[in-house]
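The values are calculated or read from the model by the stated rules, or taken from the named source; none is laboratory data. Keep in mind it's a predicted model, so treat the numbers as computed, not measured. Here the Cβ positions follow ideal geometry from the backbone for every residue, glycine too, while neighbour counts run over all protein chains shown. The area values use the complete protein model at the heavy-atom level, side chains included, leaving out ligands, DNA and RNA. Shrake-Rupley method; radii C 1.70, N 1.55, O 1.52, S 1.80 Å.
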Amino acid sequence: MVAPALILVILVTLWPVAQSFYNSLFDYRLNDPSRSERFLSSNMDLERYANDYFYLSRDLEALEGQAPDPDDAAAVAEISQEFEAYHAELLEMDGLAEQYEEVEGMIASFTAIADRDLKYASVENDWAEGFKAFLDDASEQLTTISQNTENEEFSVTAGNVAGSLDSVNTAVIESNFIGFDNYQRYLTDGRMWQSMGNTMLFTIVSVFAELVLGLMIALLINRAFVGRGIVRASVLIPWAIPTAVAAMMWGFLYDGQTGIVAHYFEQFGLIDDASVLLSTGAGGMFSVIFADVWKTTPYMALLLLAGLQTIPGSLYEAAEVDGAGKMQQFWKITLPLLKSSILVALLFRTLDAFRVFDLIFVLTGGGPANATESISIYAYITLFSQSNFGAGSVLSVIVFISVAIISTLFIKFIGSDLFAGKTGR
């Protein structure tokens with residue numbers, strides 16, 4: 001009976017988190033060809049190497065014949081010989097000669113290599129390190145020769161060959177496994193802690209305001225009065241509006257020149273100038289919190305209203321007979337019996353607020369000067385805008401751990417007594 005739920009949790013929640021954790025152990029960047037894959041050991045991009053080798057071996061031989069100076073010709077010949085020696089060592093590695101021949105044949109027939117196992121070949125770490133060092137030195141040496149020679153044609157050719165050596169260098173992919181270095185970096189990163197602080201401030205203030213206002217609204221619409229159905233439906237309208245649409249709407253309302261909310265805030269003396277809502281750090285944080293409270297308070301009120309309707313009316317009648325006033329009934333009956341509903345509402349809203357993304361992303365983009373940047377937005381920028389999957393995965397894991405800690409604290413310190421006496425023997 002429990003197995004389907006466990007399988008679903010593993011597939012939907014734990015497996016993506018495990019993948020993110022695995023990615024976080026690598027310097028994994030999609031915008032860098034040498035780090036666009038996760039490699040535990042050194043590898044060779046045979047497709048790139050085979051294509052460059054064909055032209056480079058030919059160009060080195062031609063460059064040696066063009067050299068006007070015997071010393072330059074000797075230097076080019078030495079580079080060519082050492083390059084061919086490294087090439088021979090590569091083909092002598094276990095199984096690489098056949099794999100290289102297959103890749104070379106596909107390149108000759110203009111066939112794209114989609115098979116990752118065919119495209120990349122594992123090579124010895126010492127060989128890869130030595131080959132890259134040789135390519136760096138050879139490229140630098142040819143660049144120096146190109147700059148010092150008086151023969152313009154030879155200078156241009158030498159510069160081009162130096163560029164070809166750099167291209168071959170990118171085909172040698174050293175291991176990008178860095179362990180917990182990414183965690184060490186971001187746990188000491190000021191921007192990460194700033195975004196975490198922004199997230200905590202947003203979560204605490206918005207959830208507290210939503211709890212107070214939501215409880216007031218729930219108490220109001222729980223009472224019997226004419227038009228209660230219409231009032232309940234109208235209260236839920238802000239929550240029904242998509243968050244991105246609501247954020248765009250509040251962006252217009254906060255505008256310093258045409259925004260009506262900014263105008264009236266200035267008229268009432270709440271702000272000094274209408275432009276501060278979206279142009280200052282404090283104004284930006286107030287703006288996103290105010291918009292979130294407006295949108296999500298109805299959701300909090302709905303959860304609390306469900307809890308209020310489970311409280312028997314006979315308890316209030318008995319309290320009135322005993323002479324208890326409305327405030328006494330609220331503190332002695334409503335709040336204690338509403339505790340489980342408050343816990344659920346707080347838990348849902350706290351987790352939702354901590355993972356806030358779309359509201360801030362559309363309304364302020366995390367600005368000004370990262371003053372409203374949440375940890376989720378920072379993770380998005382790192383992961384997608386910068387294509388840094390390793391670092392972005394670290395931030396994703398930090399968000400997951402934070403959410404897990406919040407859930408544990410809620411259950412342990414707020415909800416532990418809810419289950420007291422409810423377990424069977």
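Per the conditions (1) part of a helix (DSSP H, G or I); (2) within 21 Å of Glu47 (Cβ to Cβ); (3) not hydroxyl-bearing (Ser, Thr, Tyr), the sole criterion not satisfied by Ala121 is (1). Does Arg48 meet the test of being touching a helix residue (DSSP H, G or I) at 6+ places or on another chain (Cβ under 7 Å) and either modelled with pLDDT under 90 or within 30 Å of Tyr22 (Cα to Cα) (or both)? For Arg48, the condition - touching a helix residue (DSSP H, G or I) at 6+ places or on another chain (Cβ under 7 Å) and either modelled with pLDDT under 90 or within 30 Å of Tyr22 (Cα to Cα) (or both) - is met. If you go through the stretch 253-302 and keep only what is among the small types (Gly, Ala, Ser) and touching a Pro at 6+ places or on another chain (Cβ under 8 Å), you end up with Ser279, Gly281, Gly284. If the condition is being within 22 Å of Gln99 (Cα to Cα) and loosely packed, with under 15 Cβ neighbours inside 10 Å, then the stretch 15-34 contributes only Pro33.
Does Glu37 satisfy the condition of being part of a loop (DSSP other than H, G, I, E, B) and surrounded by 12 or more Cβ atoms within 10 Å (Cβ to Cβ)? When the stated conditions are applied, Glu37 passes them. Among the criteria (1) modelled with pLDDT under 90; (2) open to solvent by 80 Å² or more (accessible area, probe 1.4 Å); (3) within 31 Å of the chain's Cα centre (by Cα), the one Val172 does not fulfil is (2). Applying the condition of being of a type in the set (Gly, Ala, Ser) and over 16 Å from the mean Cα position of the chain (by Cα) to the stretch 355-411 and asking which residue is modelled with the highest pLDDT yields Ala371.
Conditions (1) surrounded by fewer than 20 Cβ atoms within 10 Å (Cβ to Cβ); (2) free of Cβ contacts under 8 Å to residues at least 24 places away in the same chain, marked per residue:
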| site | (1), (2) |
| --- | --- |
| Met44 | no, no |
| Glu47 | yes, no |
| Arg58 | yes, yes |
| Glu61 | yes, yes |
| Gln66 | yes, no |
| Ala73 | yes, yes |
| Ile79 | no, no |
| Glu82 | yes, no |
| Tyr86 | yes, no |
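If the condition is being in a helix (DSSP H, G or I) and open to solvent by 20 Å² or more (accessible area, probe 1.4 Å), then the stretch 364-392 contributes Ser376, Tyr380, Ile381, Leu383, Phe384, Ser385, Phe389.
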